[in-house]
1. Express the carbon and sulfur contribution to the solvent-accessible surface of the chain as a percent, rounded to the nearest whole number, probe 1.4 angstrom.
2. For helix 5-14, report the angle its Cα long axis makes with the longest principal axis of the Cα atoms of the chain; keep it between 0 and 90° and round to the nearest 10°.
3. Per residue, how much accessible area does the chain have with a 1.4 Å probe, in Å²?
4. Pull up all non-local amide H partners of Thr83: gap of 5 or more, or a different chain, and H-to-H distance under 5 Å with H placed in the peptide plane.
5. With +1 on each Lys and Arg Cβ and -1 on each Asp and Glu Cβ, how big is the dipole of the chain about its Cα centre, in debye rounded to the nearest 20?
6. Among (1) 18; (2) 66; (3) 27, only one was calculated for this model; which label is it, if the read-out is percent of Cα pairs over 24 Å apart?
7. Between 0 and 90 degrees, rounded to the nearest ten: what's the tilt of helix 21-42 against the longest Cα principal axis of the chain?
8. Out of Gly70, Gly33, Gly42, any idea which swings most in a Gaussian network model of the chain, alpha carbons joined below 10 Å?
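The values are calculated or read from the model by the stated rules, or taken from the named source; none is laboratory data. Source: prediction; values computed, not measured. So basically every Cβ, Gly included, is an ideal-geometry build from the backbone, and we count neighbours across all protein chains shown. Surface areas here come from the heavy atoms of the whole protein model, side chains and all, with no ligands, DNA or RNA. Shrake-Rupley method; radii C 1.70, N 1.55, O 1.52, S 1.80 Å.
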Amino acid sequence: MSVDLATVKRVARLARIAVSEDEAERMVGELNGILGFVEQLGEVDVTGVEPMTSVMPMVMRKRADEVTDGSKADDIVANAPSTDRNFFLVPKVVE
């Protein structure tokens, strides 16, 4: 896959990034270099290689997967002008 000048300008416009003509031409080469590197990575045989989270072997610390209310309901509604049993009370709006 290669990127041309029109594609760079289109992506810049969609991202709402102001890109001058010189910058767009420079980006064509840079993006094509990046895409070429990604294509090279696709050719690497990774059969039997386990996914890693770090280059250093380590065990990930995980918290217990349990559902809680966070024990912060009182803190959350503390600054509300009106509450009832940890719920915000708001004026009724009828139009």
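1. Numbers: 5310 of 9300 Å².
Solvent-exposed carbon and sulfur of the chain make up 57 percent of the total.
2. 10
3. On a per-residue basis, the chain sits at 98 Å².
4. Leu89
5. Magnitude of the dipole: close to 400 debye.
6. (2)
7. Between helix and principal axis, roughly 90 degrees.
8. Fluctuation is largest for Gly70.
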